[in-house]
Structures are given as C-alpha cells and as structure tokens.
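The values are calculated or read from the model by the stated rules, or taken from the named source; none is laboratory data. The shown structure was predicted, so the numbers you read here are calculated from the model rather than taken from an experiment. Cβ placement follows ideal geometry from the backbone for every residue including glycine, while neighbour counts extend to all protein chains displayed. Heavy atoms of the whole protein, side chains included, go into the accessibility calculation; ligands, DNA and RNA do not. Shrake-Rupley method; radii C 1.70, N 1.55, O 1.52, S 1.80 Å.
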Amino acid sequence: MPREASPRARASALRTAAGDPIDPREVSAHLEALGAEEAIAWALATFRPRLRFACSFQKTTSVTIDIVHRLTGGDVGAGFFYLDTDLLFEETYATRDALAARYGVEFERFAPIPLAEQEQLYGDSLWARQPDACCGIRKVEPMRAALRGTDCWVSGIRREDSRTRAGAAKFGWDKRFGLWKLNPLADWTEAEVWDYVNERGVPYNPLHDAGYPSIGCAPCTRPPGAADDARSGRWADAHKTECGLHG
Ligand code: SF4
C-alpha cells in the first residue's frame with residue numbers, strides 16, 4: 001500500500017481537482033471574500049472524496065448540510081461524520097435522525113472507548129474532575145480516526161461564537177490534525193443562521209429553542225446567562241472553552 005504523504009508535504013501540495021497547484025495564501029484570501037455556498041462548492045470541487053464534514057447537530061450543521069444538498073442537486077454523497085461521546089443529548093440524536101431522513105445523509109459514527117471502560121480506568125464522571133482528559137479520550141482521539149486519509153475538513157464554527165473564535169479564518173492549515181480546514185460559516189451572524197434555517201425550513205436541534213445556543217455533551221452544557229457569549233454555557237464550572245478540536 002502506498003504510504004500517505006506527510007502533513008507538511010500535503011500542506012505544500014494543495015491542488016485543484018484538475019491537478020493545478022494552488023497557493024494556500026491566495027486561496028485563503030479569496031475564500032474570505034466568498035459566501036458560504038461558494039466556499040463549500042470550492043471545497044467539494046477541490047477535495048472530494050478526501051473531504052469530511054464534522055457534524056455536531058447544532059444549527060450550523062443543519063445549514064451546512066442544506067447547502068451541500070442544494071449544491072449537489074440532492075445527492076449529498078459521503079463524508080459526513082460525528083463524534084459520538086455517548087454523552088450527547090437525546091435531542092441531538094433525534095436531530096441526526098431528522099437530518100438523515102430529510103437529506104439522505106449517512107452519518108458515519110466515530111466513538112471512543114465505552115463509558116464503562118473509562119470509569120474503570122479513570123473513575124466516575126471524569127468530565128467533572130478532568131474535562132481536558134475526558135475530551136481528549138471522547139472527542140480528540142475519535143476525531144483523529146475520523147480525519148485519517150482526509151485532506152480537508154469542514155467545521156461549523158463562527159467568529160461570533162466566542163472570543164476565542166473571533167479570529168477564525170475561513171480557510172487555513174489545521175496544525176493540530178495536519179490537514180486543511182474550512183469554516184464556511186465563520187462570518188455568519190446568529191441572525192443570519194436563523195434566517196437561513198427559517199427560510200429553508202431546515203430541521204434543527206430543538207435544544208436551541210430551550211435556551212441552548214451552543215450544544216455539546218449533556219454533562220458539560222447548560223444555557224448561558226443573558227449577558228454571556230453563546231459558548232459560556234459549555235464547561236461553565238471549569239476554566240475551559242474548547243474541547244480540543246478547534247485550535
Ligand atoms: S464535553 Fe464533557 S463529557 Fe464531553 S467529552 Fe468533553 S469533558 Fe467529556
């Protein structure tokens with residue numbers, strides 16, 4: 001079997017589907033000026049089949065899938081995955097099923113060691129004592145598996161989500177996982193997301209209507225205070241703002 005090129009080699013070997021070299025800085029600057037639909041269309045043409053969409057089943061997942069569905073004439077294809085920590089809300093699993101039914105998407109599941117094994121190794125409720133370790137086991141490791149053999153992944157992060165995401169580029173090299181990353185909704189406002197969802201009648205996670213602007217694992221997610229940013233309800237009792245998937 002041929003060996004996979006190193007991340008460094010792949011970083012300097014960005015090419016179009018036709019094989020023409022692409023200057024990443026030029027692409028990044030170009031994509032900043034494009035809308036989400038154009039950016040996703042570019043990624044589909046450039047990277048598929050080595051392109052993957054990370055699905056959190058929050059409202060941005062709903063928007064992204066609807067855009068892909070329109071761009072592909074209803075044949076969304078493969079590459080959609082989610083990290084099943086076994087600690088997601090029931091509403092999140094229901095949203096997964098609603099999106100699968102509406103768009104014909106097959107979501108590939110990546111999961112960590114069973115919870116019982118984690119308890120045996122590290123004790124009960126690791127998320128309450130060492131959330132970084134818990135995220136490392138239940139999110140970061142499965143993410144590495146999900147991105148293996150992939151040249152670019154698509155996330156739903158937005159600059160408005162939190163201060164730590166305010167400088168997120170639409171496209172760039174993801175050093176943590178060693179591949180390209182596209183954030184097509186980076187410059188979307190909360191209002192723009194909801195306008196899209198409502199105008200298109202897109203299925204979305206009902207927890208958003210129950211006061212959860214940001215939704216992760218059930219033990220680590222609660223509604224934020226009125227004056228706080230959207231992600232402040234995540235790990236609200238810990239000095240932690242990210243799960244380790246976004247640098
Ligand atoms: S969000 Fe909480 S429960 Fe989920 S993996 Fe991270 S620490 Fe564990």
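When the chain is treated as a GNM with alpha-carbon contacts under 10 Å, the residue of D132, D23, D151 showing the greatest mean-square fluctuation is D23.
About its Cα centre, the range 26-220 has a charge dipole of approximately 560 debye under the convention of +1 per Lys or Arg Cβ and -1 per Asp or Glu Cβ, with nothing else charged. Relative contact order for the chain: 23 percent, from Cα pairs under 8 Å spaced at least 6 residues apart, divided by residue count.
With a Cα cut-off of under 21 Å and a minimum spacing of 8 residues unless on different chains, the lysine pairs in the chain number 8. The local environment of A41, defined by Cβ-Cβ distances under 12 Å, has a net charge of 0 under the rule Lys, Arg +1 and Asp, Glu -1. Site pair S125 and A191 shows an inter-label distance of 4.1 nm when each label is modelled 7 Å from Cα along Cα→Cβ.
Of all the accessible heavy-atom surface of the chain, with the other protein chains kept in place and a 1.4 Å probe, what percent is carbon and sulfur? Carbon plus sulfur share of accessible area: 51 percent.
Among beta bridges from DSSP that stay inside the chain, the antiparallel ones total about 40%. What the phi angles of the range 62-72 give under the Karplus curve with 6.51, -1.76 and 1.60, with θ = phi - 60°, is a coupling list of 4, 5, 4, 5, 4, 5, 4, 4, 5, 5, 9 Hz, glycine and proline written as x.
Could you tell me which of L126, L51, G73 has its Cα farthest along the dipole of the chain towards the positive end, charges placed at Cβ (Lys, Arg +1; Asp, Glu -1), taken about the Cα centre? In the chain, that residue is L51. The phi-based Karplus calculation (6.51 cos²θ - 1.76 cosθ + 1.60; θ = phi - 60°) puts the 3J(HN,Hα) values of the range 90-105 at 4, 5, 5, 5, 5, 5, 3, 5, 5, 5, 4, 5, 6, 10, x, 8 Hz, whole numbers, x for Gly and Pro. Around the amide H of L88, modelled in the peptide plane, lie the amide H atoms of A218, all under 5 Å away and 5 or more residues distant in sequence or on another chain.
Within the chain, all pairs of alpha-carbon atoms sorted by distance into 10 Å bins from zero give the percentages 7, 31, 38, 20, 5, 0. Only helices enter the 222 nm calculation for the chain: every DSSP H run of n ≥ 4 contributes -39,500 (n - 2.57), and dividing by all residues gives -10000 deg cm²/dmol, rounded to 500. Using the 1.4 Å probe convention, the accessible area of the chain works out to 49 Å² per residue with neighbouring protein chains retained.
Taking amide H as placed 1.01 Å from N in the peptide plane, the amide H of D174 sits under 5 Å from that of L179, W180, K181, each at least 5 places away or on another chain. Sorted on the mean count of surrounding Cβ atoms within 10 Å across their residues, most packed first, peptides 152-165, 183-196, 94-107 read 152-165, 183-196, 94-107.
Rounded to the nearest Hz, the phi-derived 3J(HN,Hα) couplings of the range 122-138 under the Karplus curve 6.51 cos²θ - 1.76 cosθ + 1.60 (θ = phi - 60°) are 10, x, 5, 6, 4, 4, 7, 9, 9, x, 5, 5, 5, 5, x, 6, 8, where x marks glycine and proline. Computed with the Debye formula from one identical point scatterer per Cα of the range 27-130, without solvent, the log10 of I(q)/I(0) at q = 0.10, 0.14, 0.24 Å⁻¹ comes to -0.38, -0.66, -1.30.
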